[in-house]
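Here the structure comes first, spelled out in C-alpha cells, and everything after it is commentary.
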Amino acid sequence: MITEKNITDALADVLVPGIQRNLAEMNLLQGVALAGNKLEITVASTALDENARNWIREKCTSVVKDLDSSLQTVVTFIEKRPPEINRVKNVIAVMSGKGGVGKSLVTALTAMLLRSRGFSVGILDADITGPSIPRMFGITSRPRGSESGILPVLSAGGIEIISINLFLPEEEDAVIWRGPLIGRAITQFWEDVLWGNLDFLVVDLPPGTADAPLTALQVLPVNGIIVVFTPQDLTTMIVKKAIKMAAQMDKKVMGVVENMSYLYVPELKKKIELFGKSRGEEMAKAAGAPLLARIPIDPALAALCDKGHIERYSADALESLGEGLFKVVPAMPDTSPLP
C-alpha cells in the first residue's frame, strides 16, 4: 500500500529547474496529503517562474503515476518569500582588514572542503565591487527566478553561488555604487535568494571595516568568522582592525588563515618566505583563535582559479586547511530558525 512517505521519497527525483537540487533540499515541498485515491502535493512557488512551476507539476504527477496509476494527483502552489523557506544552519564569514590577501580564495576552498564532507554549502559573494567567486568556479550562467525570489547558480561540485557579477552584462563591468546601494545588494542576497536547506553558507566579505562589511555582519546571522591575512607587517596591522571589529560586534573568530605564507621550491626542497617570516601564531593570539592553515603561493592553484577550475584543486595546503577547519566546525551551533 502506497503511503505518504513512499510518495515523499519518490519526489526526491523532482529537481528544481535552474538549481538541480530537489524540492526537499530547497525546502519547497510543503506537504503531501493522501486521502483514499486523492493526493495533494503542496509546493512553495518561491523563485519559480511559470515554466518551472509547470515542469514541476508535470514531473510530480509523472513520479506519482509510476508509483500508483490509480491516484488522482493535484499539485498546489503556495506563495512564500525566501525568508519563510530558507533554513541555513551556519553562516561563516571570511574577512580581512584589506583587499588582496586572498579572502575569495579562502572562501572558495572553505566551501569546497565543507562540500567534500557531504555538507550542503552555498557561497554569498558580498564583495560587491570586487567579485571574483564566479570566475574561480567558471560560472557564467545568469541566476533564474521570479518576482518572489532568486535562484542561486550551482557550481560543478554542487555549491550554490550568488554574486553581483552573475547579473552584469559583462564580467568586467564596474559596479560604481555608493555605500547604501552596496548594503542593499548584500541584504537582498540574503533575503531575496532561495538558499533552501543549507548546512553552511560561506560569505566572502568586502575588505575593510566600513559600510559593506558592517552591513553584512549586522544583517546575516554570522556565527563564525575566518580571518585571512598575509605575512607583511603592514597587512597584519590592518587585519588586526578587522579582528577588533568582529569582537566589537560580538562575532566569534573561529580561526585565522595565513595566505601567501611561503613558496615551496621542490628542486631545492625548501620553503621561501617571500613576504617575510610567518605571523601565523601572532595573529592567532591576537584573534584568540587557532591558526587554521598556512597557505603557500601555488602557481597551479592560481592557474586553476584563472581557468575557472578551482574545484579541481587538490594539494597538501588544502588538506592542512581541512584539518584546521574541521577541528572548529563541529563546535558551531545551528543558528537557523525553525521551519
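Apply 1/(1 + (r/R0)^6) to the Cβ-Cβ distance of Glu58 and Ser314, taking R0 = 56 Å, and write down the FRET efficiency to the nearest 0.05. That gives a FRET efficiency of 0.85. Here is the tail figure for region 84-331: Cα pairs spaced more than 31 Å apart come to 18 percent of all pairs.
Tell me the trypsin sites (Lys or Arg not before Pro) within region 270-304 that lie in a loop according to DSSP and have at most 11 other beta-carbon atoms within 10 Å. Counting only loop positions with at most 11 other Cβ atoms within 10 Å, the trypsin sites (Lys or Arg not before Pro) in region 270-304 are Lys277.
Neighbour counts of C-beta atoms inside 10 Å place Val43, Val256, Val175 in the sequence Val175, Val43, Val256, starting with the fewest. A cut-off of 5 Å between modelled amide H atoms, ignoring neighbours fewer than 5 places along the same chain, links Gly149 with Ala47. Between the listed residues Tyr262, Ile7, Ile159, the Cα displaced farthest toward the positive end of the dipole of the chain, a dipole computed from Cβ unit charges relative to the Cα centre, is found at Tyr262.
Quick one: compute a quarter of the convex hull surface over the Cα atoms of region 1-159 and quote it in nm². Mind dumping the intermediate values first?
Working: hull surface 43.4 nm².
Average projection, Cα convex hull of region 1-159: 10.8 nm².
For a footprinting-style exposure proxy, rank Met332, Met283 by other Cβ within 10 Å, fewest first. All intermediate terms of the calculation are to be shown ahead of the outcome.
On the way: Met332 17, Met283 23.
The most exposed by this proxy come first: Met332, Met283.
Separation of the alpha carbons by more than 24 angstrom is noted, of Lys98/Lys244; Lys80/Lys252; Lys103/Lys270; Lys269/Lys327, for Lys80/Lys252; Lys103/Lys270; Lys269/Lys327.
Could you give me D for region 185-339, from Stokes-Einstein at 4 °C and 1.567 mPa s, where the hydrodynamic radius is the Kirkwood radius over C-alpha pairs? Units µm² s⁻¹, please. Numbers along the way, then the final one.
On the way: Rh = 17.3 Å.
For the chosen part, D equals 75 µm²/s.
Note: relative contact order over region 130-170, using C-alpha pairs below 8 Å and six or more positions apart, is 42 percent. Helix-only arithmetic for the chain: the sum of -39500 (n - 2.57) across DSSP H runs with n ≥ 4, divided by the residue total, places the mean residue ellipticity at 222 nm at -10000 deg cm²/dmol. Taking amide H as placed 1.01 Å from N in the peptide plane, Met26 has its amide H under 5 Å from the amide H of Asn197, each at least 5 places away in sequence or on another chain. Distance from the Cα centroid of region 56-104 to that of region 260-318 is 35 Å (rounded to whole angstrom). The HN-Hα couplings worked out from phi for region 18-33 by the Karplus form 6.51 cos²θ - 1.76 cosθ + 1.60 (θ = phi - 60°) are x, 10, 6, 10, 7, 4, 5, 5, 8, 6, 8, 6, 9, x, 9, 10 Hz, whole numbers, x standing for Gly and Pro. In the chain, the longest principal axis of the Cα atoms and the axis of helix 103-116 are about 50 degrees apart. Rounded to the nearest whole Hz, the Karplus-based 3J(HN,Hα) values (6.51 cos²θ - 1.76 cosθ + 1.60, θ = phi - 60°) of region 172-180 follow the sequence 7, 4, 7, 9, 9, 10, 7, x, x, with x at glycine and proline. Take the Cα of Ala33, step 7 Å toward its Cβ, do the same at Thr3, and the gap between the two points is 2.1 nm. GNM on the chain, alpha-carbon springs under 10 angstrom: the most fluctuating residue among Ile297, Ile226, Ile92 is Ile297. Choose one answer from Ala93, Ala315, Ala44: the residue with the largest mean-square fluctuation in a GNM of the chain with alpha-carbon springs under 10 Å. Result for the chain, Cα springs under 10 Å: Ala315 fluctuates most. Treating each Cα of region 279-339 as an identical point scatterer and ignoring solvent, apply the Debye formula and state log10 I(q)/I(0) at q = 0.11, 0.28 Å⁻¹. Results for region 279-339 at q = 0.11, 0.28 Å⁻¹ read -0.39, -1.11. Our summary of shape: the Cα atoms of region 20-92 have principal axis extents of 47, 24, 21 Å, ordered from largest down, in whole angstrom. Which whole-number percentage describes the relative contact order of region 10-62, with Cα contacts under 8 Å and a sequence gap of 6 or more? Once normalised by length, the contact order is 29 percent.
Remark: relative contact order (the chain) = 20 percent; criterion is Cα-Cα distance under 8 angstrom and separation of 6 or more residues.
Express as a percent, rounded to the nearest 5, the fraction of DSSP beta bridges in the chain (both residues included) that run antiparallel.
On the way: 14 of 49 bridges.
Percentage antiparallel, nearest 5: 30.
Among Glu191, Glu311, Glu281, the residue with the largest mean-square fluctuation in a Gaussian network model of the chain, with springs joining Cα atoms closer than 10 Å, is Glu281.
Across region 260-276, coupling constants 3J(HN,Hα) worked out from phi with the 6.51/-1.76/1.60 Karplus curve, θ = phi - 60°, read 6, 5, 6, 10, 8, 9, x, 5, 9, 6, 9, 9, 10, 8, 4, 9, x Hz, and Gly and Pro carry x.
Quick check on region 107-195: take the gyration tensor over C-alpha atoms, sort the square-rooted eigenvalues as a ≥ b ≥ c, and tell me if it's rounded (a/c under 1.5), prolate or oblate. Because a/c hits 1.5 or more and a/b exceeds b/c, region 107-195 counts as prolate. The residues Asp199, Asp334, when put in order of fewest to most other Cβ atoms within 10 Å, stand as Asp334, Asp199.
Bear in mind that the values in this text are calculations on the coordinates, not laboratory data. Since the structure is predicted, the reported quantities are computational estimates derived from the model, not experimental observations. Quick reminder, even Gly has a Cβ in these numbers, built from the backbone with ideal geometry, and neighbours come from all protein chains shown.
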